[in-house]
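One structure is given here, and the rest of the page talks about it.
The values are calculated or read from the model by the stated rules, or taken from the named source; none is laboratory data. Predicted model only: the values in this text are computed from it and were never measured. Neighbour counts run over all protein chains shown; Cβ positions are idealised from the backbone, glycine included. Side chains included, ligands, DNA and RNA excluded: accessible areas come from the protein's heavy atoms. Shrake-Rupley method; radii C 1.70, N 1.55, O 1.52, S 1.80 Å.
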Amino acid sequence: MKVLKIDQEYPQDFMRVFLDITNLFFEDTKLAKKDMTPDLVVHFNHYTDEHFTIIADATLQVNEQFYKSHFEQKFETEGTDKEQKIRLKRALSHVLLDTLEQMTEIKQQWGILTGIRPTKLYHKFRKAGLSDDEIHDKLTDEFSLTDEKISMLNSIVKNQLKTIPDLDTIGNEVSIYIGIPFCPTKCAYCTFPAYAIQSNRKQGKVATFLDGLHYEIEEMGKWLTEHEMRITSVYWGGGTPTSIEADEMDALYKTMFDSFPHTETIREITVEAGRPDTITPEKLAVLKKWGIDRISVNPQSYTDETLKAIGRHHTVQETIDKFWMAREAGMNNINMDLIIGLPNEGIDEFEHSLSESEKMMPESLTVHTLSFKRASEMTHNKDKYKVADRKTAEAMMHRAHDWTAEHGYTPYYLYRQKNILGNLENVGYSIPGEESIYNIVIMEEVQTIIGLGCGASTKLVNAETSKITQYHNPKDPAAYILTFEDAIHKKIQALDELYGFEVSK
Ligand code: SF4
């Protein structure tokens, strides 16, 4: 942990950015309070000259060492107060990042970008009419991104527009997320709503949760039908939606198809079957019966010791067997997730995971980087888990990039997370034409996503202003059971307000 002191006052949002940038280099940086001795002291100096050029300097002091940086950027106009504030924040971020890079000799590939959706920024510039070259220059000069990351963003954006040609107008449709909060066991890195299915079933919570979920789907279906809303995609996530029994899945899909309007025009339905130990021939037959053929079977790693260490309670062989079982049952679009940086894994283990993937060639491969989420078991007991250093994690990510390109995959969505190993990213790769529509619309925040079930977030996107309002269903089935009726009606009211319909009582 480091203590950071900025030796003059800035607004809170500036301080948050300074902290985020410092955290790219050091874990858990804290801003210095009165009684703390700082490890890093930063002095900024800045002004804007009469030609609207912003000039910023930083001096970073670490013990007796000083690191200095200078930044200048010329603008055409004076800009509004808000624009001036953004310019200043960016200029100070630049010089701070530069001094920290000098000190640590670590080059941050994402520059001063600390947000989780860099592709959204690329789309924003594209929609403003900038050419690829202009966007490249902007991302280099104003955000310090490396060429490698810019080129990755460029191919992702192109891929997204090929997959969803109406991406810029898809805000007139909605997508649906449905959360089933159960799993066989909880993985050590997980903070999703994932409650042990067996004990919850014994306590009757699975049945009552499912009753509530049927009700939510039916009520939302009535609203969608009444307002003739088109659904772009439906995503069953969780937890693991295949943790429940085949007849329970069947009943839910029946409710979905009976309740939702125009189901024949839904472009994609995905069911996460992430845990191979939940997949059975009966459940695959149910998926097939309802015409659902996009699923996820997630190996995470092809090393048994790793699976044990992260608490997954299934073997590598089970992943492989269940993949082929799903393939034979007619699942034509299978995604598999791998995670870079799992405990005790280095290049060799990752290389092994890639060569096992080669035998199956799933339609899409999502490469995550381990992130230490606050509430996960792994973060609470960090000392117990030995994970790859920054350089090794970077090398693995490069390998994933090269391997996917060599095997005909292209990247189609990307997101970053806080406390992610090596300040890397998560990238979804797919064989062209097999991209997940849901992953794109959720990541780019181009349309409203209605969340039903446990832990589901509803994201209301105002297509005109791009303003986003969120509504969260409870994560815990016990809390959900008590609140779902109220929750669905509040969501419907919020949707009425968003679309300007007469508000339901
Ligand atoms: S399978 Fe997925 S949702 Fe379930 S515990 Fe593991 S990471 Fe969490």
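The residue of the range 157-196 that is farthest from the ligand (Cβ to nearest atom), among those that are open to solvent by 20 Å² or more (accessible area, probe 1.4 Å) and touching a Phe, Trp or Tyr at 6+ places or on another chain (Cβ under 7 Å), is T163. Evaluated against (1) at pLDDT 95 or above; (2) open to solvent by 60 Å² or more (accessible area, probe 1.4 Å), A91 falls short on exactly one condition, (2).
Scanning the range 239-251 for residues that are crowded, with 21+ Cβ neighbours inside 10 Å and touching a residue at least 40 places away in the same chain (Cβ under 8 Å) turns up G239, T240, P241, T242, S243, I244.
Being open to solvent by less than 10 Å² (accessible area, probe 1.4 Å), assigned by TED's automatic domain parsing to the domain that holds G451 and in a loop (DSSP other than H, G, I, E, B) holds for only one residue in I292, I217, and it is I292.
Just wondering, is there one or more residues in the range 306-321 that are open to solvent by less than 40 Å² (accessible area, probe 1.4 Å), away from the ligand (no atom under 16 Å from the Cβ) and not in a loop (DSSP other than H, G, I, E, B)? The answer is yes; a qualifying residue exists. In this entry, V206 passes the filter for residues that are within 16 Å of the ligand (Cβ to nearest atom), of a type in the set (V, I, T), crowded, with 21+ Cβ neighbours inside 10 Å and outside any loop (DSSP other than H, G, I, E, B). Residues in the range 20-52 that are open to solvent by 40 Å² or more (accessible area, probe 1.4 Å) and of a type in the set (A, V, I, L, M, F, W, C) were compared, and the one that is nearest to G111 (Cα to Cα) is L31.
Being assigned to a loop (DSSP other than H, G, I, E, B) and hydroxyl-bearing (S, T, Y) holds for only one residue in S144, S199, S151, and it is S144.
Being at pLDDT below 95, in contact with a strand residue (DSSP E or B) (Cβ under 9 Å, 6 or more places away or on another chain) and not aromatic (F, W, Y) holds for only one residue in I116, I55, and it is I116.
Selection of first residues in the range 32-53 that are assigned by TED's automatic domain parsing to the domain that holds E72 and of second residues that are open to solvent by less than 90 Å² (accessible area, probe 1.4 Å) and aromatic (F, W, Y), restricted to Cβ pairs under 7 Å at least 6 apart or on distinct chains, gives the following pairs, ordered by first then second residue: F52/F75.
Taking the range 415-425 as the range and being out of contact with any Ser or Thr (no Cβ under 6 Å at 6 or more places or on another chain) and open to solvent by less than 50 Å² (accessible area, probe 1.4 Å) as the test, the residues that pass are Y415, R416, G422, N423, E425.
May I ask you to list the residues in the range 154-174 that are hydrophobic (A, V, I, L, M, F, W, C) and assigned to a helix (DSSP H, G or I)?
Within the range 154-174, I156, V157, L161, L167, I170 meet the criteria.
Among residues of the range 259-279 being more than 16 Å from the ligand (Cβ to nearest atom) and in contact with a helix residue (DSSP H, G or I) (Cβ under 8 Å, 6 or more places away or on another chain), the one that is most open to solvent (accessible area, probe 1.4 Å) is R267.
Of the candidates E351, E394, E328, the single residue that is open to solvent by 10 Å² or more (accessible area, probe 1.4 Å) and either assigned by TED's automatic domain parsing to the domain that holds E101 or touching a Gly at 6+ places or on another chain (Cβ under 6 Å) (or both) is E394.
Being within 16 Å of the ligand (Cβ to nearest atom) and over 30 Å from I21 (Cα atoms) holds for only one residue in M325, M336, and it is M336. The set of residues in the range 173-198 being more than 26 Å from Y385 (Cβ to Cβ) and of a type in the set (D, E, K, R) consists of E173 alone.
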